[in-house]
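In what follows, a single structure is set out as structure tokens and then discussed.
The values are calculated or read from the model by the stated rules, or taken from the named source; none is laboratory data. Given the structure is predicted, the values throughout are model-derived calculations rather than measurements. Glycine also receives a Cβ, built like all others from the backbone with ideal geometry; neighbour counts cover every protein chain displayed. Heavy atoms of the whole protein, side chains included, go into the accessibility calculation; ligands, DNA and RNA do not. Shrake-Rupley method; radii C 1.70, N 1.55, O 1.52, S 1.80 Å.
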Amino acid sequence: MSVRGSLFACAAALFCGLFQIAGIAKTIHAAQAFARPGASGEISGDYGSFTPEDVRSHDGRLTACQRVEGGFADRMTRQVIVEIRDNETGEIVGSFSPARAWDFWGICWERDNYNIWVQSGDTGCHCYRYEDGVWERDWFDTERPDYIISKYDRIKENTKGEEGG
């Protein structure tokens, strides 16, 4: 291999290494932003009450686990799947797909029941109401409890003073 080829190979390896370091730094930043989120209206980072991490229900009986499903080549078609597991048996007791992974900001539980709220960048906040052992999106009665804070609530509060209202 020529000197020129060796230099090119070294530069390529260094470039790839820098991308890996940047990816690790981004992962660490994301983990720090969600140190203790999602349960019963707790607030963390810039995401309000919501988290992309696994989170337990108010009584600790269930855990909502989130994963991304679909092809990695096309980020616009990957979907978030929320699976609810029974912590005693480990069994999946319910699941739903609330949003594209690209737009997804996270979930949180309500304080006194098994309703789960989802926050998405393109569709906003939505409730998956728990009834008869099933989580279904509530299309009509969707008033969010005051203790569940959206990422966008803080933006609205910050712009109120600027708009004079």
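Can we say G70 is loosely packed, with under 12 Cβ neighbours inside 10 Å and either touching a residue at least 60 places away in the same chain (Cβ under 8 Å) or on the phi > 0 side of the Ramachandran plot (or both)? So that I can check it myself, show each step before the final result.
Values: loosely packed, with under 12 Cβ neighbours inside 10 Å: no; either touching a residue at least 60 places away in the same chain (Cβ under 8 Å) or on the phi > 0 side of the Ramachandran plot (or both): yes.
The answer is no for G70.
Quick one: in region 112-154, which of the residues that are open to solvent by 70 Å² or more (accessible area, probe 1.4 Å), of a type outside the set (D, E) and over 18 Å from the mean Cα position of the chain (by Cα) is modelled with the highest pLDDT?
Y130
Residues F15, F8, F96, F34: which one is out of contact with any His (no Cβ under 9 Å at 6 or more places or on another chain) and modelled with pLDDT of 70 or more? Break it down into steps so the answer makes sense when it comes.
Details: F15 fails: modelled with pLDDT of 70 or more; F8 fails: modelled with pLDDT of 70 or more; F34 fails: modelled with pLDDT of 70 or more.
F96 is the lone residue from the list that is out of contact with any His (no Cβ under 9 Å at 6 or more places or on another chain) and modelled with pLDDT of 70 or more.
Tell me, which residue of region 78-126 that is in contact with an Asp or Glu (Cβ under 7 Å, 6 or more places away or on another chain) and acidic (D, E) is nearest to W139 (Cα to Cα)?
Top of the filtered list is D122.
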